[in-house]
Amino acid sequence: MLDLSPDTPVAPGPLEAQPPLRTAVSRRRDPRGAARELAGALRHAELGFVLFFCSAEYPLAALSSALNEAFEGVAVAGCTTAGEITPEGYERGCIVAIGLDRRHFAVSCALVEDLAGFDLIRAQRLVDGLLDDCRGRALAPVGEHSFALTLLDGLSSCEEQVLATLDAALGRIPSFGGSAGDDNRLAHTHVHADGRFHGQAAVVVVINTRLPFAVFTTHHLRPREEKLVVTRADRERRRVLELNALPAAEEYARLVGLPVEALAPEVFARHPLAVRLGEAHFVRSIQRVNDDGSLSFYCAVENGIVLTAMQPAPLLEDLEAVFDGLTARLGEPALVIGCDCFLRRLELESLGLVTPASRLLGHSRVIGFNTYGEQHHGMHINQTFTGVAIGSLPATPDA
């Protein structure tokens, strides 16, 4: 039960006036102060679930303790980021959160700690438990009115296996998500569930609602003619040693017209590679150049795959068109939960477009984070904007 004692922050105004989706951001560096600021904006008697995204600069143990205290009796899940998307657009070094009203959202959440051992039997057991929990409180038929959100350790190298297995268990329920970041340090990323932060883990959230929603993904990259064949790879470590039978870093540097020493995340963002499946291209982003001249990737790579060189089209035009399409389909969205690859943000920063991008994200009511990888219908992808748009809320909840 929520603690509504006089010193506990509670969102102001009559309960009937509380919108079923509330958002809040805190830029305070003190974990307890940040958690209390979030609670002051989000808490009310019908708050059923809190989803948050936070900078990895916070002391995580202290932050989880503060969140447990501020939202006692309410389930809380989230992850660390490579940048946050707040009501004002792109930010860093803060924590942003969404509060879901249980009169409009039935939410069930589970933690997966053994990623390597996550097989179909375990996935089906987990999904069945989540769906059964939602059915007990369902606001609409679970199969047609639910979606799943996945948050994974962004450095676990287990995303493909976990997502494909989970997608098989979810069946027709759409899913999306993002891989946790750590402010571009590429050292330690964390997800949060069951009252604390976890490494090498995943969080799966199933959300049931009467409100209209649409799970989507987009990227602004277009194929070029050039191809690179992976001729030697270390699949387990997502490392490519040779491209076209030549040292990988040298061959990629030749493709982009730069010396190996100049290869950096900003270059990878502007010159991505992709795998073609059918008529679609799925980006395989480069993480770094290694001392031995190999390239580490954010997604799975293996011997024999053909990588297509990609070039960016105008990013903001693509994103604006997606938001316009969602509005035409759902009406004015109440909220978009967005998982935006950190390489897209690097591209915008290099082009001096962060301010107009933030303006577009704020106008489109996006809350989310910059990721080390995105997830869509069981696939692990890179350099996309992936998320769910939730339609405008009814004026009053149904009886």
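The values are calculated or read from the model by the stated rules, or taken from the named source; none is laboratory data. Quantities reported herein were computed from a predicted structural model and do not represent experimental measurements. Glycine gets a Cβ as well: all are built from the backbone with ideal geometry, and neighbour counts include every protein chain shown. Heavy atoms of the whole protein, side chains included, go into the accessibility calculation; ligands, DNA and RNA do not. Shrake-Rupley method; radii C 1.70, N 1.55, O 1.52, S 1.80 Å.
Mind ranking 280-291, 137-148 by how tightly packed they are, going by the mean number of other C-beta atoms within 10 angstrom, highest first? Don't jump to the answer; show the numbers that get you there.
Values: 280-291: 18.2, 137-148: 16.8.
Put in order of decreasing packing, that is 280-291, 137-148.
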For this session: Any chance you could run the full-extension gain for Arg27 through Ala187? It's 0.36 nm times the residue separation minus the Cα-Cα distance, nm to one decimal.
Result: 55.3 nm
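For the chain, what is the calculated [θ] at 222 nm in deg cm²/dmol (nearest 500), taking -39500 (n - 2.57) for each run of four or more DSSP H residues and dividing by its residue count?
On the way: 9 runs with 103 residues, N = 399.
Result for the chain: -8000 deg cm²/dmol, rounded to the nearest 500.
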For this session: Would you work out the relative contact order for the chain, in percent, from Cα pairs under 8 angstrom that are 6 or more residues apart?
Result: 19 percent
For this session: Keeping all protein chains in place, calculate the accessible area per residue for the chain (probe 1.4 angstrom), answer in Å².
Result: 39 Å²
Exercise. Summing +1 for each Lys or Arg and -1 for each Asp or Glu, what net charge is found among the other residues whose Cβ lies under 13 Å from the Cβ of Arg122?
Worked result: -3
For this session: Using a 1.4 angstrom probe on heavy atoms only, work out the carbon and sulfur share of the accessible area of the range 71-166 in %.
Result: 51 percent
Exercise. Of all accessible surface on the range 260-329 at a 1.4 Å probe, what whole percent is carbon and sulfur?
Worked result: 49 percent
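Given a Förster radius of 45 Å and the C-beta distance between Leu316 and Arg102 as r, what FRET efficiency does 1/(1 + (r/R0)^6) yield to the nearest 0.05?
Numbers: r = 36 Å, r/R0 = 0.80.
That gives a FRET efficiency of 0.80.
Mind checking the full-extension length gain between Glu332 and Glu250? Use 0.36 nm per residue of separation minus the Cα-Cα distance, one decimal, nm.
Details: separation 82, 0.36 × 82 = 29.52 nm, distance 4.81 nm.
Result: 24.7 nm gained on full extension.
Could you work out the local net charge near Val205, counting Lys and Arg as +1, Asp and Glu as -1, over the other residues with Cβ closer than 13 Å to its Cβ? Mind showing how you got there, number by number?
Values: positive: none; negative: Asp133, Asp194.
Within the 13 Å Cβ shell, the charges total -2.
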Exercise. Taking the Cβ-Cβ separation of Ser65 and Arg125 as r and a Förster radius of 41 Å, what is the calculated FRET efficiency to the nearest 0.05?
Worked result: 0.85
For this session: Grab the Cα-Cα distance for Glu88 and Ala140, subtract it from 0.36 nm times how many residues apart they are, and report the gain in nm with one decimal.
Result: 15.5 nm
Seminar exercise, completed: Given the candidates Gly362, Leu155, Val306, the one whose Cα lies deepest towards the positive end of the charge dipole of the chain, counting +1 at each Lys or Arg C-beta and -1 at each Asp or Glu C-beta, is Gly362
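Taking every DSSP beta bridge that has both residues in the chain, what percent is antiparallel when rounded to the nearest 5? Please list the in-between numbers first.
Working: 79 of 97 bridges.
Within the chain, antiparallel bridges account for around 80 percent of the total.
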Problem set entry | Hypothetical label at Arg270: residues of the range 291-330 whose amide nitrogen lies under 12 Å (7 Å Cα-Cβ projection) | 312
